[in-house]
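Let me begin by presenting the structure, written as structure tokens, before commenting on it.
The values are calculated or read from the model by the stated rules, or taken from the named source; none is laboratory data. Computed from a prediction, not measured in an experiment: that's the story for all the values here. Don't worry about glycine lacking a Cβ; one is built from the backbone with ideal geometry, like all the others, and counts go over all protein chains shown. Ligands, DNA and RNA are excluded from the accessible area calculation, which covers all protein heavy atoms including side chains. Shrake-Rupley method; radii C 1.70, N 1.55, O 1.52, S 1.80 Å.
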Amino acid sequence: MISMDKPCFLGSKGQIRRHEFVRLIIQYLYSLGYSRSASLLESESGIPSKSAELYRLESQILSANWDECVETLNSIEGLEEETLASALLLVFKQSITEFLMVGDDSSALNVLQKRVSKLRIDRERVHKLACGLLSLGGIGFGKVDGETSDGLRRKLLVELEKLFPPPVIVPERRLEHLVEMALMAKRDSCLYHNTGGAMSLYQDECCGGEHVPAETVQILNNHVNEVWFVQFSNNGEYLASSSSDCTAIIWKVSEDDVLSFKHVLRNHRNPVSFVAWSPDDTMLLTCGNGEVLRLWDVESGECKHVFGETTPIVSSCAWFPDSKRVVCGSSDPDKCIYMWDLNGNELEVWRGVRVPKVADLAVTPDGEYLISICSDKDIRIYNFHTKTERVIKEAHAITSLSVSRDCQLLIVNLNSQEIHMWDIAGKWDKPESYSGHKQGKYVIRSCFGGLDCKFIASGSENSQVYIWNRRKSKPIEILSGHKMTVNCVSWNPKRPHMLASASDDQTIRIWGPSRKQR
């Protein structure tokens with residue numbers, strides 16, 4: 001019996017029912033193996049771990065009192081008709097099985113004809129029961145495989161518990177689930193949370209700017225002209241950069257987060273404005289307006305193939321997940337989007353009036369969607385599996401596109417000094433919008449990054465780097481250091497504290513947490 005001098009509600013807001021809370025604790029103690037502690041808490045609190053209906057059912061089933069068991073099931077409030085029918089079927093099946101085990105075929109047939117046939121269930125299930133009765137084991141009846149009646153009845157209890165809703169049964173590990181949900185909500189509410197691992201239950205964590213890139217930790221100045229593009233490899237161990245000096249450079253990221261020069265990729269005759277890592281990080285694509293598409297071996301730095309030498313106008317490129325096919329975007333009206341294998345064999349082409357000039361494109365990491373920026377203001381999302389296309393129309397010109405690693409979201413930079421985030425599946429009516437950076441004349445690129453792609457970073461025409469939490473439209477950090485326009489940023493996918501930026505000042509800056517706060 002619950003003590004009447006105990007409060008019925010707990011917590012500073014009075015929103016937690018004491019009876020439910022204690023019951024969850026008892027259940028979790030049992031699940032952890034602390035049976036004596038759980039039993040003691042049941043006794044001291046007067047709150048049982050199981051509902052009264054479940055206790056009755058347990059007694060009735062273990063004593064094979066099937067009629068009373070049926071009455072108890074029919075008396076449980078809140079059971080949907082389908083759930084009740086499934087529970088009754090389990091009970092009738094058990095009673096039939098036990099009649100067959102002792103050779104009482106007549107009673108088994110009676111239950112089947114008078115009880116089971118009246119249930120509102122699929123006739124096929126009833127038919128299987130009948131077949132089992134006639135064959136004495138066609139679906140397992142008549143065979144006990146050494147199991148006792150008690151064992152079968154306890155299995156029945158387990159199956160019934162899976163059907164019952166709260167509060168008849170407490171969902172398994174419910175307390176653990178609630179605590180975990182509270183931790184996740186707390187983490188998601190923190191604008192700066194950017195570290196993995198378990199969170200402490202002892203205190204509320206409140207992260208500061210020390211968890212996101214905040215200051216320059218390294219400057220790379222090997223390029224001799226404007227740096228237009230940077231991108232970390234998928235494993236986070238390399239960085240590739242490209243420049244108007246007609247080269248691309250591969251950098252190695254050491255274990256202590258220091259970048260070192262690995263290869264310079266030459267042979268382009270015009271500025272290199274785009275690079276793309278193969279999903280397995282063994283190859284790199286480079287291209288640029290008025291340039292051919294080149295395939296490079298990352299380890300040796302050698303050019304393995306030159307694509308489309310007769311149609312060199314390639315503005316962007318992307319890989320398929322198998323690292324064996326590439327897709328490219330072009331301003332050539334005859335071949336706007338085309339797919340190649342690594343030997344340069346053309347596999348598919350999208351062309352014509354419906355596919356005008358392509359400014360940027362991407363393939364989602366799962367290979368399900370091809371996303372392209374066409375006619376300056378259109379986002380075209382093509383589903384390879386369904387062969388369907390959806391078009392999102394923006395009011396202002398789009399300069400770049402980026403896709404989240406989980407294949408759920410995309411962001412586009414607009415020359416209206418906004419970044420828009422859309423869901424790829426098409427569930428949103430309008431985008432999330434981010435502002436604060438400067439963009440009007442040049443191609444500025446942004447990216448997702450940080451733990452679970454929680455952040456967005458972008459370059460800016462005012463020489464700064466901007467960082468937003470995806471839930472906030474205004475930046476949470478503004479990074480200064482570059483002297484000219486910041487064209488592109490890339491967040492290391494394996495090191496959530498590391499960000500790279502490329503600028504017209506001919507440098508690449510690597511950003512990390514503030515050393516004053518670390």
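Probe radius 1.4 Å, ligands and nucleic acids left out: which of Ser372, Ser260 has the largest accessible area, and how do the rest follow?
Ser260, Ser372
Take the residue pairs Lys377/Lys494; Lys393/Lys438; Lys377/Lys474; Lys387/Lys472; Lys262/Lys324; Lys262/Lys472 and return only those whose Cα atoms are more than 28 Å apart.
From Lys377/Lys494; Lys393/Lys438; Lys377/Lys474; Lys387/Lys472; Lys262/Lys324; Lys262/Lys472, over 28 Å: Lys377/Lys494; Lys387/Lys472; Lys262/Lys472.
What number, in percent, do you get for the relative contact order of region 5-117 if the mean sequence gap of Cα pairs under 8 Å and at least 6 apart is divided by its residue count?
Relative CO of region 5-117 lands at 13 percent.
Of Val179, Val403, which has the most accessible area and how do the rest follow, probe 1.4 Å?
Val179, Val403
Distance between the C-alpha centers of region 396-470 and region 196-238? Whole Å please.
17
With every protein chain left in place, what is the accessible area of His177 in Å² (1.4 Å probe, nearest 10)?
Looks like 80 Å² after rounding.
Rank these residues by their accessible area, most exposed first, probe 1.4 Å: Arg471, Arg380.
Putting Arg471, Arg380 in descending order of accessible area: Arg471, Arg380.
Where a Cα-Cα gap under 17 Å defines reach, which aspartates and glutamates qualify for Lys50, not counting those fewer than 8 residues away within the same chain?
Leaving aside aspartates and glutamates fewer than 8 places away in the same chain, those within reach of Lys50 are Glu20, Glu42, Glu58, Glu77, Glu159, Glu161, Glu172.
Say the dipole of the chain comes from +1 at the beta carbon of Lys and Arg and -1 at that of Asp and Glu; which of Val179, Tyr28, Gly367 then lies farthest toward its positive end?
Projecting each Cα onto the dipole axis, the largest value belongs to Val179.
What whole-number value in cubic angstrom gives the convex hull volume per residue for the C-alpha atoms of the chain?
Working: hull volume 120.0 nm³, N = 518.
In the chain, the Cα hull volume divided by residue count equals 232 Å³.
Where the accessible area of the chain is counted over protein heavy atoms with a 1.4 Å probe, how much of it, in %, is carbon and sulfur?
The C+S portion of the solvent-accessible surface of the chain is 50 percent.
Tell me the accessible surface of Phe21 in square angstrom (1.4 angstrom probe, heavy atoms of protein chains only), to the nearest ten.
80
Suppose all protein chains stay in the model; what accessible area per residue would a 1.4 Å probe give for the chain, in Å²?
50
Just to verify a number: what accessible area does Trp319 come out at with the full protein assembly present, 1.4 Å probe, Å² rounded to tens?
Per-residue accessible area (Trp319): approximately 20 Å².
Which net charge results for the neighbourhood of Arg56, defined as the other residues with beta-carbon distances under 11 angstrom from its beta-carbon, given Lys and Arg at +1 and Asp and Glu at -1? Numbers along the way, then the final one.
Numbers: positive: Lys50; negative: Glu53, Glu58, Glu68, Glu71.
So the environment of Arg56 carries a net charge of -3.
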